[in-house]
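To start, the structure under review is shown below, and the notes come after it.
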Amino acid sequence: MRLRTILRGSLLAGAFALASATVLAGGAAAQTAVAGPMLRVGIAAQDIGRIDPHFAVSTPDRVLVAWMFNGLVRFKPGSIDPAGIEPDLAESWESSPDGKTWTFRLREGVRFHGNYGVLTADDVVFSLKKAANAQSSAFSADFRAFETIEAVDPRTVRIILKENVPSMLGILTAYSGGYIVSRKAVEERGADFTRNPIGTGPFAVERVTPNQSAELVAHQGYFRGTPQITRISYRFIPSDASRDLAFQARELDLNYGRSDQTWLNRTRQIPNTVVDVFEPAELAILNLNTSMPPFNDIRVRQAVAHAINRPELRRWRGNDVSREGQSLVPQGYLGFSRDTGLLQHDVARARALLAEAGHPNGITIKAIHTQLPEMLSAMQVVQQQLRRAGITLDLQVVEHATFHQQIRQNLSPLVYYAAARFPVADIYLTQFYHGRSIVQTPTAVTNFSHCNMADSQIDRARVSTDMEEQKRLWAEAQKILVKNVCGVPLVETLLVFARRDNLDYGYELKGSMSLGPLITEQTRLR
């Protein structure tokens, strides 16, 4: 076996809280929290969704689980550069010359939260098989190429692939399906694990109070060292105005911001405040259900595409926080192509296409959408653009977790979805536009458009060992999907959080795949 890579490696006031012994959610284990600093975070959510990390799909859930779990490998804190992936729970790894056999050596003595013991290869095998199962994970499609996952011994895991993948380490990072959970906790807690999970990360969930907050405590046995932050209060505040007022009143230390130029400029003027703008940009797309009227008629889909004014959307968002969408894969991803034949803004052409499709007086489309303020305001701008072309968008606004549930039940012919993924075209194309990912199928992910016409190109690119051929096939797939108007790219929006200047992350924040700042053992309140 050839060595490829081996590395070793009401709101509370005040920033401090005293806590005695606290019982972790579910009552299965206790962990003592000592006196120390408490980080107060405001997030734009009515409630948490599911914090079983293999089901954490919304931004509020993703931000939180990143503080509680590890993967075999991770991006360096503050970075999303795949070239900088480093050890996490694995201290080293190697791959065979053909790239199909990977062996990971685990760190010794890594402890789970509470009384769930020491991490073993059995937990890793269980976690990856759980992540690969569509019944227990939202990310099962990422593991399609995995043939076997086995524990060689208590500290060694071997993975054998059926075919090469373009981003093997990316699948195993501390992100999405790569998170490692406690087998014992999953089996003991069953359905309750989605709200009371157990990981190995720097923070453990203490309790979740619906519609109020999730409270975390420092993991005293964290393998990188005890966190300097003792507690985190993760507060659900869906109203932008309410979060902003709480931040200005110094009742929050970290605030989920708005990717909006006016908000950015105003918040930068608050004394002792730092506004972080960072990657990855979330690409917002209107996914059009090609199997459902009226979008089973490509002329109606084309009309929607011509009605969208991307320069206007960017001006509305702000130049510092956004860029125009150019394809159905975000810019900067390996395999992104700008040469897609994207339909341009043309209201007259949109109206003509509607008339050709039998809608000379326009058309009304019902669409389910989230009440999450940032996404709702963006959709309202889109709604106005469509109206100019004779397309009336009747928005059925629901709570954010309900939105995620209903769009996966095929209840909306048009789905606005903004997302960032591991920065390789394969994962974005597979999750959103491959036939295996169509919602309401056994292998469903987030293919709301029901498109499958680029499956061949996506599959051939995935197994190719020739980088140039991969890029060519990914570009071809994007051109096919854009031509068929499976989705309409809108705008790419960078992530924005505001923090007190006494909050030191312990690293320079340039990017975060968890869509929020990582709170690590090095994070401190000065």
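Farthest towards the positive end of the charge dipole of the chain, among the residues Ala461, Pro271, Ala151, is the Cα of Pro271, using unit charges on the Cβ of Lys, Arg, Asp and Glu. For Lys100, the aspartates and glutamates whose Cα comes closer than 12 Å to its Cα, not counting residues fewer than 8 places off in the same chain, are Glu147, Glu163.
Binning the alpha carbon pair distances of the range 62-131 at 5 angstrom intervals from zero yields the distribution 3, 13, 20, 26, 21, 11, 4, 1, 0, expressed in whole percent. DSSP beta bridges fully contained in the chain are about 75 percent antiparallel.
Taking 29 Å as the straight-line reach from the Cα of Lys479, the lysines in range (excluding those fewer than 8 positions away in the same chain) are Lys162, Lys366, Lys471. Cross-link partners of Lys76 among lysines, defined as those whose alpha carbon lies under 24 angstrom from its own and excluding same-chain residues fewer than eight positions apart: Lys510. Mean sequence separation of contacting Cα pairs (under 8 Å, at least six apart), scaled by the length of the range 279-494, corresponds to a relative contact order of 35 percent. When the helices of the chain are scored as -39500 (n - 2.57) per DSSP H run of n ≥ 4 and the total is divided over every residue, the value at 222 nm lands at -7500 deg cm²/dmol. In plain terms, the C-alpha convex hull of the range 279-494 casts an average shadow of 11.0 nm² when viewed from every direction.
The residues packed around Arg526, meaning those with a beta-carbon under 10 Å from its beta-carbon, carry a net charge of 0 if Lys and Arg are +1 and Asp and Glu are -1. Counted over the range 382-438 with a bin width of 10 Å, the fraction of Cα pairs per bin, in whole percents, is 18, 40, 34, 9. Extension gain, Asn296-Gln380: 0.36 nm per intervening residue step, less the Cα-Cα distance, totals 27.8 nm.
With a sphere of radius 13 Å drawn around the Cβ of Ser233, what net charge do the other residues whose Cβ falls strictly inside it have (Lys, Arg +1; Asp, Glu -1)? Spelling it out: positives minus negatives among the neighbours equals 0. Hydrodynamic radius of the chain by the Kirkwood approach over all distinct alpha-carbon pairs: 23.7 Å.
Bear in mind these aren't lab numbers, they're just calculated from the coordinates by the rules spelled out. Predicted model, so just to flag it, every value in this text is computed and none were measured. Glycine also receives a Cβ, built like all others from the backbone with ideal geometry; neighbour counts cover every protein chain displayed.
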